[in-house]
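Please read the structure below before turning to the comments.
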Amino acid sequence: MLLVLAIVLVLLLILLVDSTLKHHVGKFARSLESVSPNYPLLGSATVFLGHSEERRFENFMNMLRQVDRIGKGWLGPQLMFYVAHPELVQKVLTDPNCSEKPFFYEFSRLTHGLFSAKYSIWKPNRKALNPTMNVKMLNSFVPIFERFSRSMVEKLKCYPEGTPVDILDFTTECALEMVCGTTLGTALKKGSGKRKFLESMQTFISRVATRTLSVSLYNESFYRLTRAYNEEENARKYCLDFAKCIIEERQQVLVTEPQSKNSDENEDDDGYQIRRPKLFIDQVLSGNNTEADISTQNLSEQILTIMAAGYDTSANMVAHSCLFLAMFPELQEKVAQEIQTVLPDCEQELTAETLKDLPYLDKFFKECLRLTPVGSTIARVNMTDIELDGCRIPKGNIFIFNFYVLHRRKDIWGPYAEQFDPENFSPERSKGRHPFAFLPFSGGSRNCIGARYAMISNKIMIIHLVRNFRMSTKIRFEDLKYRINVTLNLAFKHLITLEARR
């Protein structure tokens, strides 16, 4: 009896301390609406407990839909601010003093990658990487995007016609080859451990996402005792070793290539000198990069971040797009007809200029990104006090942004915001829309560095797929379910059926 009484008293004391601390910490934000659920100790963490992955996703989205402009909630002991309106999203993301990342980004243990690096590390690294993503550089990559897209199509042609195929398997391999062939200046050889790398990367990403959403795993000492930690650490180590192999391979190339090939000047097929910006990996390995603080070990983390972000996001974007093409055959034919008009010859090579002549493809792809933004949730920390809607929020607080919900606001996208309609991006409907109402690649200075890279490479993949195949699926639009991960993932396979276009 005394033991039970003691336990009850301890629980009451814990609840009292929790309530007092939350009242003290969050008193400056009393004017802001609170999201529900909001239980003692756990706060809103219950939305992630005891459900299927797709149910957790829906619970999280439903919680975020409660917020019109800015709201607050607790994830365990941590106060969070949910920013929902484009005006406030823009104010926070474009404020240079709100460029820090929260503590849970450190769970990836990639402290020098652009995705998770602290502001002091991110700023010089981003400056060093920017030249590798300029327009001229991206345009020079088009033939490489073409080559790997054609290779993907040839592999799909070997697949039995009429049999459902998980298109994500093929877009994943293609996107990884593109990243290695462009950003890193190397091609993956057969038997290079590519498949195990992909599996390890998925394990690594999944374990990091699970820990981020599990308050009980925030304590490092406890987390290291779990099986999830061992799985994550093994996967992370394999991926880093894979990246180191790429670095070593590129180092050998830089040593064996003639000096003229290591310069910014290269010869084209006719022997003329053309200026081509050097790859980031070449800049670092050749010792010409003085801006970024990147040692050999840190370079592995940077390259792993580039590979992971580059292939995982692009693969999912194209796979989602293929599923939408298959779901809406009349829209698929409009895309196909436009491509056929601009590119009547199936062997005709694409150029960066060609993409500008495909406005309907652009609208279709943007609508795919609106409804399925791959980087759907991001977070920031304010490094100085900031005022939002009359509430002065002290420095060191966490702001959550969700683009899946933002892109479905009916006050912005109309009464049919949940439906698929490429005309949402027609000039007429786009006129007057807030610039931060559509953020498939985030916004502000810490936006996705590879946004233009993704738009070009992904469209080229889609063009080759549509030119060669007519796609169909038994999956209905209303059947789509998603699961929480670092990126927005479908809860089931991207199964489509391919029929060769004659």
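Estimate the FRET efficiency between Q66 and N130 by the formula 1/(1 + (r/R0)^6), using the beta-carbon distance for r and 45 Å for R0, to the nearest 0.05. Efficiency computed from Cβ-Cβ geometry: 0.75. Report summary: the helix-based calculation at 222 nm, which adds -39500 (n - 2.57) for every DSSP H run with n ≥ 4 and divides by the residues of the chain, gives -15500 deg cm²/dmol. Distance between the pseudo-spin-label points of L254 and S120 (7 Å out from Cα toward the beta carbon): 2.7 nm. Each residue, E233 and E58, gets one label point 7 Å from its Cα in the Cβ direction; the gap between the two is 3.8 nm. Using r as the Cβ-Cβ distance of D95 and R452, and R0 as 22 Å, what FRET efficiency do you calculate, to the nearest 0.05? The pair D95/R452 has a calculated efficiency of 0.40.
Our estimate of slack between R476 and H434, defined as 0.36 nm per intervening residue step minus the Cα-Cα distance, is 12.0 nm.
One decimal place: the segment A500-K194 gains 107.3 nm when fully extended, by the rule 0.36 nm per residue minus the C-alpha distance. Taking Cα atoms only, the orientation of helix 2-25 departs from the longest principal axis of the chain by about 60 degrees. Here the simple spin-label model places points 7 Å from the Cα toward Cβ, and for N139 and C391 these points are separated by 4.7 nm. With 23 Å as the limit on Cα-Cα distance, the pairs of K123/K395; K91/K356; K27/K410; K194/K244 that go past it are K91/K356; K27/K410.
Using DSSP to call loops (not H, G, I, E or B), can you name the chymotrypsin sites (Phe, Trp or Tyr not before Pro) in region 355-448 whose Cβ has at most 14 other Cβ atoms within 10 angstrom? Within region 355-448, the qualifying chymotrypsin sites (Phe, Trp or Tyr not before Pro) (loop, at most 14 other Cβ atoms within 10 Å) are Y416. Which residues among region 377-394 fall inside the zone where the amide N is under 19 Å from a point 7 Å beyond the Cα of R30, along Cα→Cβ? Answer for region 377-394: 388-394. Give me the angle, in degrees from 0 to 90, between the Cα long axis of helix 296-327 and the longest principal axis of the Cα atoms of the chain, rounded to the nearest 10. Here the helix axis deviates by roughly 80 degrees.
Shape summary of the chain, radius of gyration then Dmax from alpha carbon positions: 24.1, 92 Å.
Coordinate-derived values only; no laboratory data. Quick caveat, the model's predicted, so the values are computed rather than measured. A quick note on method: Cβ atoms are made from the backbone with ideal geometry, for glycine too, and the neighbour counts reach across all protein chains shown.
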